[in-house]
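Each remark here refers to the structure printed beneath this line.
The values are calculated or read from the model by the stated rules, or taken from the named source; none is laboratory data. Quantities reported herein were computed from a predicted structural model and do not represent experimental measurements. Here Cβ is always computed from backbone atoms with ideal geometry, including for glycine, and neighbour counts include all displayed protein chains.
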Amino acid sequence: MAQSRLMAGLEDYQRLGLKSGEVELWEDGKRDDDRRGVVEWWYFDVILDDGSKIAAVYSTKIQPFMFMKGTHPCIKFDLTTPDGRQISKRITKFPNNEISFSEEKCDVRWGDNYFEGDLKTYNIKVAPVDGFGFDVQLKSESSPWRGETGHIGFEANDEKYFTWLCVVPRGKVTGTVMIDGQVHEVTGVGYHDHQWGNTTQFDFLNHWFWSRQSTSKHTLTVFDFVMNEHYEYKRIPLVFLQDINGKLLFDSTDNVECEVHEEFMQKESVHEFPKVTHYLFRSGEKTIEYTVKVKQELDARYIYKMTPFFLRWIFKGTKPKYGRYLAEGTINYIDGDRSFIETSDLIYEFAYVGENYREHMTKPLVKGK
């Protein structure tokens, strides 16, 4: 079996030019090149006060071009309107002379669309498509976080890698959203992360559970990776909790237990997905019990069926599925005499590449261990 690991040694930090416990401005700039097989994206989502939700991904390569050299950018924009309509747009055509990136900071510009900021304040725009778009500012109310180096290395010498940098765990969003050609002033609570790698989820993943939740006083983010059979179903959970001022209260990259209490059938893929998930995270004497209950489906895709048959070879024999949801999360935090229980709505996704997630995701919770 092959190796997968969270890169966390001193030599890893030195080779990558990173500082332990500190995220620098350049880390949110373009981190990789455009060679064959490399992909990179900047992600933003927001739960707006009017009940609508937005998720947008600025990716350097649209899926069919991942295995080609060069930049083939794509913006995928999903909007759930206040009345529950779900709108999805994909933009792939940009003039070559209007595509630019910065390696010094996040500054992605594709035609009239941009994603730029400095770890504290971000300006993000999707120019209207068929009467839908947005132009907002995201002001961080938190602190950037990465699990160790943020790099998961694969194979003996980490020649393959996949990353996650959580840049804005929580931020105030203001601006405008266009719906059916009408512009609306909006406010809400948003999030931004950044990922890149030279391997795809289809190469290493059985499934992942990702959620970000902001209550009135705290922010909890969970990215629970479970690798496939080739990597012995290795589990790497990246978890952290901050207070309203961005102070880190809890983080962990191991010690996870999980139970799925209820499932539902995703219509697109005809596969069972988690509906009620209960986690237990530990860090020293600190624990977080975390329960996530799906409330509304925001995006559901049977990626395998959506892909032309002549391109399905990229899935390496798997049949990947995906869902993004509005959910209710309950956080039960215990640190000695200090504890709290908080509940609020959150955005959560489940990327499901393998055929049996329960066998490798769940293990009985043992409280008081």
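Remarks
- Residue list for segment 1-27, filter: aliphatic (A, V, I, L, M) and in a strand (DSSP E or B): LEU6
- Within segment 203-240, being assigned to a helix (DSSP H, G or I) and crowded, with 19+ Cβ neighbours inside 10 Å holds for ASP203, PHE204, TYR231.
- Listed conditions (1) among the basic types (Lys, Arg); (2) out of contact with any strand residue (DSSP E or B) (no Cβ under 9 Å at 6 or more places or on another chain); (3) surrounded by 15 or more Cβ atoms within 10 Å (Cβ to Cβ) are all met by ARG36, apart from (3).
- Yes/no for THR92 being surrounded by fewer than 17 Cβ atoms within 10 Å (Cβ to Cβ) and within 22 Å of PHE134 (Cβ to Cβ): yes
- Some residue of segment 76-89 being of a type outside the set (S, T, N, Q) and closer than 15 Å to TRP196 by Cβ: no
- Hey, VAL39 of a type in the set (Val, Ile, Thr), at pLDDT below 95 and within 20 Å of the chain's Cα centre (by Cα) or not: yes
- Qualifying positions in segment 7-45 - in contact with a helix residue (DSSP H, G or I) (Cβ under 9 Å, 6 or more places away or on another chain) and within 15 Å of ASP158 (Cα to Cα): MET7
- Annotation for segment 131-153: no member residue is surrounded by fewer than 19 Cβ atoms within 10 Å (Cβ to Cβ), aliphatic (A, V, I, L, M) and not assigned by TED's automatic domain parsing to the domain that holds LYS217.
- Residues (modelled with pLDDT of 95 or more and of a type in the set (A, V, I, L, M)) located in segment 130-160: VAL136, LEU138, ILE152
- Of residues in segment 112-123 being in a strand (DSSP E or B) and of a type outside the set (Phe, Trp, Tyr), the one surrounded by the most Cβ atoms within 10 Å (Cβ to Cβ): GLY117
Residues are listed down the side, and each one gets a yes or a no for (1) exposed (fewer than 14 other Cβ atoms within 10 Å of the Cβ); (2) out of contact with any Phe, Trp or Tyr (no Cβ under 6 Å at 6 or more places or on another chain); (3) β-branched (Val, Ile, Thr); (4) not assigned by TED's automatic domain parsing to the domain that holds VAL126:
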residue	(1), (2), (3), (4)
ASP45	no, no, no, no
ASP49	yes, yes, no, no
THR60	no, yes, yes, no
HIS72	no, no, no, no
GLY84	yes, yes, no, no
GLU98	yes, yes, no, no
GLU103	yes, yes, no, no
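- Members of segment 28-75 that are in contact (Cβ under 8 Å) with a residue 24 or more places away in the chain, assigned to a helix (DSSP H, G or I) and within 22 Å of PRO95 (Cα to Cα): GLN63, PRO64
- GLU268 being more than 24 Å from MET66 (Cα to Cα) and assigned to a strand (DSSP E or B): no
- Selection of first residues in segment 171-183 that are at negative phi and of second residues that are surrounded by fewer than 13 Cβ atoms within 10 Å (Cβ to Cβ) and not in a strand (DSSP E or B), restricted to Cβ pairs under 7 Å at least 6 apart or on distinct chains, gives the following pairs, ordered by first then second residue: MET178/GLY131.
- Every test in (1) modelled with pLDDT of 95 or more; (2) not assigned by TED's automatic domain parsing to the domain that holds CYS106 is passed by ASP33 save one, and that test is (1).
- Some residue of segment 289-308 being over 30 Å from ARG85 (Cβ atoms) and free of Cβ contacts under 8 Å to residues at least 24 places away in the same chain: no
- In segment 124-149, the residues that are farther than 30 Å from SER20 by Cβ and either outside any strand (DSSP E or B) or under 18 Å from the mean Cα position of the chain (by Cα) (or both): ASP130, GLY131
- Here LYS305, LYS275 are screened, and the one residue that is at pLDDT below 95 and either assigned by TED's automatic domain parsing to the domain that holds MET66 or of a type outside the set (S, T, N, Q) (or both) is LYS305.
- Pair list, Cβ under 6 Å, 6 or more apart: segment 241-263 residue surrounded by fewer than 17 Cβ atoms within 10 Å (Cβ to Cβ), other residue at pLDDT 95 or above and not in a strand (DSSP E or B): ILE244/LYS217; GLY246/SER142; GLY246/SER143; THR253/GLY147
- Check on GLN266, closer than 28 Å to ASP83 by Cβ, buried (at least 19 other Cβ atoms within 10 Å of the Cβ), among the polar types (S, T, N, Q) and in contact (Cβ under 8 Å) with a residue 24 or more places away in the chain: yes
- When VAL256 is tested against (1) modelled with pLDDT of 95 or more; (2) within 20 Å of the chain's Cα centre (by Cα), just one condition goes unmet, and that condition is (1).
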